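Written below as structure tokens is the structure these notes are about.
The values are calculated or read from the model by the stated rules, or taken from the named source; none is laboratory data. Everything quoted here is computed from the prediction, not taken from an experiment. Reconstructed Cβ throughout: ideal geometry from the backbone, glycine too, with neighbour counts over all protein chains shown. Note: accessible area is taken over every heavy atom of the protein model, side chains too, but ligands, DNA and RNA are not part of it. Shrake-Rupley method; radii C 1.70, N 1.55, O 1.52, S 1.80 Å.
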Amino acid sequence: MNHIVAILRSILFYPVFYGVSALLVVASVLAIPFGRSRLRHVVATWGVWHHWCVTHLLGIAIIQEGVIPDEPVLIAVKHESYFEAIDMPRLFGFPAVFAKKELFAIPGWGFSAKVYGLIPVARDGGARALRTMISTARARIAEGRPIVLFPEGTRVVHGDKPPLQSGFAGIYKLLGLPVVPVAVNSGPLYHRIIKQSGTITYRVGETIPAGLKRAEVEARVHEALNALN
């Protein structure tokens, strides 16, 4: 019976969430000439809409343990599904997120993402690409925005504990910001065609100060990201 309910919930979720999302992409492009504040409002609406669909259509409760500091910090988030990627604007307000450069080629969405202030990541771009990323990130920090990245580099199966991507330590060092690690256990419920009801938890770890040695910061962030495994 529970499996049938899950199927019905998912059948309802996909057209409702993604149908409205397509309209919001159009709205985001139309909002750009009126200023970033209008675009920010549309993006925030998308995050709230996703949250509503997840909680009301899929029957997933979302809880947060701990508080994100209200200042520019480097936020390192566990990545198990698209759930947390879509939830970033709702969770952090106006985040500047490191995102794969390929995503910016998506019609409409990519243009809006660039204007909104996401940070393109060219994984094979070498030193020049890294300098561009850091320059862009510093500009976002100057705006008072939190910087968000997924230091594992891609989605991972719940329970897996891969090492952090090598670029994380470089970004940490060059930006000179404290790190706030955030664990999330979305994979078992959300990263599947037939999504399951239950509870997704964000667990905010202890703020890690800037200026630590690479081995220490990587070890502390890795441990905190996997706190819910």
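The Kirkwood radius of the stretch 9-110, taken over pairs of alpha-carbon atoms, gives through the Stokes-Einstein law at 4 °C and 1.567 mPa s a diffusion coefficient of 86 µm² s⁻¹. Here the stretch 85-147 was treated as a single set of alpha-carbon atoms; its pair distances binned every 5 Å from 0 give 4, 18, 27, 26, 19, 6, 1 percent. Going 7 Å from the Cα of ALA61 toward and past its Cβ, which residues in the stretch 178-221 have a backbone nitrogen under 12 Å from where you end up? Counting only backbone N, you get 198-201. For ALA99, nonlocal amide neighbours, meaning residues 5 or more places apart or on other chains whose placed amide H falls under 5 Å from its own, are ILE119, VAL121.
If a spin label sat at a point 7 angstrom from the Cα of GLU102 along the line to its beta carbon, the backbone N atoms of the stretch 110-140 nearer than 14 Å would be those of 121-125. DSSP finds beta bridges in the chain, and of those with both partners inside it, around 20 percent are antiparallel. Per-residue 3J(HN,Hα) values for the stretch 213-223, derived from phi via the Karplus relation 6.51 cos²θ - 1.76 cosθ + 1.60 with θ = phi - 60°, read 5, 4, 4, 5, 5, 5, 5, 5, 5, 4, 4 Hz in sequence order (x marks Gly and Pro).
The accessible area of LEU189, taken with all protein chains in place and a 1.4 Å probe, comes to roughly 30 Å². Semi-axes of the equivalent ellipsoid of the stretch 54-166 are 23, 17, 16 Å, computed as sqrt(5λ) over the eigenvalues of the C-alpha gyration tensor in descending order.
The distance from the alpha carbon centre of the stretch 156-213 to that of the stretch 7-66 is 22 Å, rounded to a whole number.
In this structure the amide hydrogen of ILE60, modeled in the peptide plane, comes within under 5 Å of the amide hydrogens of THR55, GLY198, none closer than 5 places in sequence on its chain.
For the pair THR201 and HIS158 in one chain, pulling the backbone fully straight at 0.36 nm per residue adds 14.2 nm over the alpha carbon distance. Distances between placed amide hydrogens fall under 5 Å for GLU65 paired with TYR202, ARG203, VAL204, all partners being 5 or more residues away or on another chain.
In the stretch 181-222, whose amide N lies under 15 Å from the spot 7 Å out along Cα-to-Cβ of ALA85? List them in ranges. Those under the cut-off are 186-187, 190-193.
In summary, the aspartates and glutamates within cross-link reach of LYS101, defined as a Cα separation below 20 angstrom excluding same-chain residues under 8 places away, comprise GLU80, GLU84, ASP87, ASP124, GLU152. In summary, no aspartates and glutamates lie within cross-link reach of LYS213, defined as a Cα separation below 14 angstrom excluding same-chain residues under 8 places away. Here the simple spin-label model places points 7 Å from the Cα toward Cβ, and for LEU23 and VAL115 these points are separated by 2.0 nm.
Split the chain at each of the GluC sites (Glu not before Pro) in a DSSP loop with at most 12 other beta carbon atoms within 10 Å, and the longest piece is 1-142. Under a model in which nothing but the beta-carbon of Lys, Arg (+1) and Asp, Glu (-1) is charged, the stretch 1-145 shows a dipole of about 520 debye around its Cα centre. In this Cβ point-charge picture (+1 for Lys and Arg, -1 for Asp and Glu), the stretch 63-203 has a dipole of about 360 debye about its Cα centre. Helix content alone sets the calculated 222 nm mean residue ellipticity of the chain: runs of n ≥ 4 DSSP H residues at -39500 (n - 2.57) each, divided across all residues, give -15000 deg cm²/dmol. Can you list the lysines whose alpha carbon is less than 19 Å from that of LYS100, not counting same-chain residues fewer than 8 positions off? Partners found: LYS78, LYS114. With a/c under 1.5 counting as rounded, go ahead and sort the chain into rounded, prolate or oblate using the C-alpha gyration tensor (a ≥ b ≥ c being the square roots of the eigenvalues; past the cut-off, prolate if a/b is larger than b/c, else oblate). Oblate. Taking θ as phi - 60° and the Karplus parameters 6.51, -1.76 and 1.60, the scalar couplings of the stretch 154-162 work out to 7, 5, 10, 5, 4, x, 6, 10, x Hz in sequence order, x denoting glycine and proline.
Accessible surface ranking for ARG203, ARG192, 1.4 angstrom probe, highest first: ARG192, ARG203. The residues of the chain expose, per residue, 50 Å² of accessible area to a 1.4 Å probe. For the chain, relative contact order (Cα pairs under 8 Å, six or more residues apart, normalised by length) works out to 27 percent. Counting only heavy atoms of the protein chains and using a 1.4 Å probe, LYS161 has close to 120 Å² of accessible surface.
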